[in-house]
Amino acid sequence: MGKNKLVFVSIIMLVALFGCQPATLTYYKGANAEDMDVVSLTASQKEVQNWQDLYVTVDYNLEKNGDQVDIDGVLTFSHSPKVNYTRVRDLKLKLFFLNKDLRVVDYLDIARTLSTDLEDETRFSKSIRISPDVIALTFGYEGSFYDSDPEHPSSDMVWKLPKRNAQSK
């Protein structure tokens with residue numbers, strides 16, 4: 001009985017020790033953002049910026065100071081999904097930091113919607129430390145839209161993300 005208790009306590013301690021460590025996102029690191037709309041971090045941006053795609057629109061303010069990037073803004077939905085759908089089930093807006101080769105150096109989910117009407121907006125605000133080789137950023141997203149019409153229900157997964165398996169040039 002004493003040996004089982006010791007094993008149980010050891011397992012609990014390992015879970016507590018390693019389970020509380022922050023998760024490092026690596027899935028898109030090294031992915032190629034060459035075909036995406038890229039925002040340079042070299043120029044100072046004082047006015048509200050806009051990034052738009054077929055499904056989402058992002059209006060944002062961006063300030064870079066050394067290795068710190070402060071970004072705040074609002075995520076809304078473009079006209080296209082409003083024609084075919086009534087709600088977004090789950091959509092993650094991602095921010096990708098890029099090096100001179102437009103490869104993802106780091107990224108994070110900057111906003112998330114859950115079962116939201118397409119007329120709603122989602123605000124975000126983040127301060128992020130970046131590595132010295134970051135010279136640009138781009139937005140991306142992944143999520144699903146659906147129509148709640150009981151006679152013609154429909155749903156679709158959508159995404160705009162850097163290419164993970166693109167070969168280096």
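The values are calculated or read from the model by the stated rules, or taken from the named source; none is laboratory data. Here the structure is a predicted model, which is why all the values come from computation and not from measurement. Don't worry about glycine lacking a Cβ; one is built from the backbone with ideal geometry, like all the others, and counts go over all protein chains shown.
Looking at segment 93-108 only, could you name the residues that are surrounded by 15 or more Cβ atoms within 10 Å (Cβ to Cβ) and assigned to a strand (DSSP E or B)? Within segment 93-108, 93, 94, 95, 96, 97, 98, 103, 104, 105, 106, 107 meet the criteria.
Residue check: is residue 146 in contact (Cβ under 8 Å) with a residue 60 or more places away in the chain and under 20 Å from residue 27 (Cα atoms)?
Numbers: in contact (Cβ under 8 Å) with a residue 60 or more places away in the chain: yes; under 20 Å from residue 27 (Cα atoms): no.
So residue 146 fails the test.
Specify which of the listed residues (75, 91, 108, 95) is modelled with pLDDT of 90 or more, over 20 Å from residue 164 (Cβ atoms) and in contact with a Phe, Trp or Tyr (Cβ under 9 Å, 6 or more places away or on another chain). It would help to see each step written out before you state the result.
Values: 91 fails: over 20 Å from residue 164 (Cβ atoms); 108 fails: over 20 Å from residue 164 (Cβ atoms); 95 fails: over 20 Å from residue 164 (Cβ atoms).
Every option except 75 fails the conditions.
Pairs only if they're at least six apart or on different chains, beta carbon under 6 angstrom, first in segment 104-120 and closer than 24 Å to residue 37 by Cβ, second among the hydroxyl-bearing types (Ser, Thr, Tyr); list them, first residue then second. These pairs meet every condition: 104/28; 105/131; 107/28; 111/122; 113/122.
Every condition in (1) surrounded by 14 or more Cβ atoms within 10 Å (Cβ to Cβ); (2) modelled with pLDDT under 95 is met by residue 141 except one, and the failing one is (2). For segment 112-151, a residue qualifies if it is more than 13 Å from the chain's Cα centre (by Cα) and among the small types (Gly, Ala, Ser), and the qualifying residues are 115, 127, 131, 136, 144, 148. Taking the criterion of being small (Gly, Ala, Ser) and either part of a strand (DSSP E or B) or touching a residue at least 12 places away in the same chain (Cβ under 8 Å) (or both), the residues of segment 51-79 that qualify are 73, 78.
In this entry, residue 64 passes the filter for residues that are more than 15 Å from the chain's Cα centre (by Cα) and closer than 19 Å to residue 102 by Cα.
Of the residues screened, residue 154 is one that is among the small types (Gly, Ala, Ser) and over 20 Å from the mean Cα position of the chain (by Cα).
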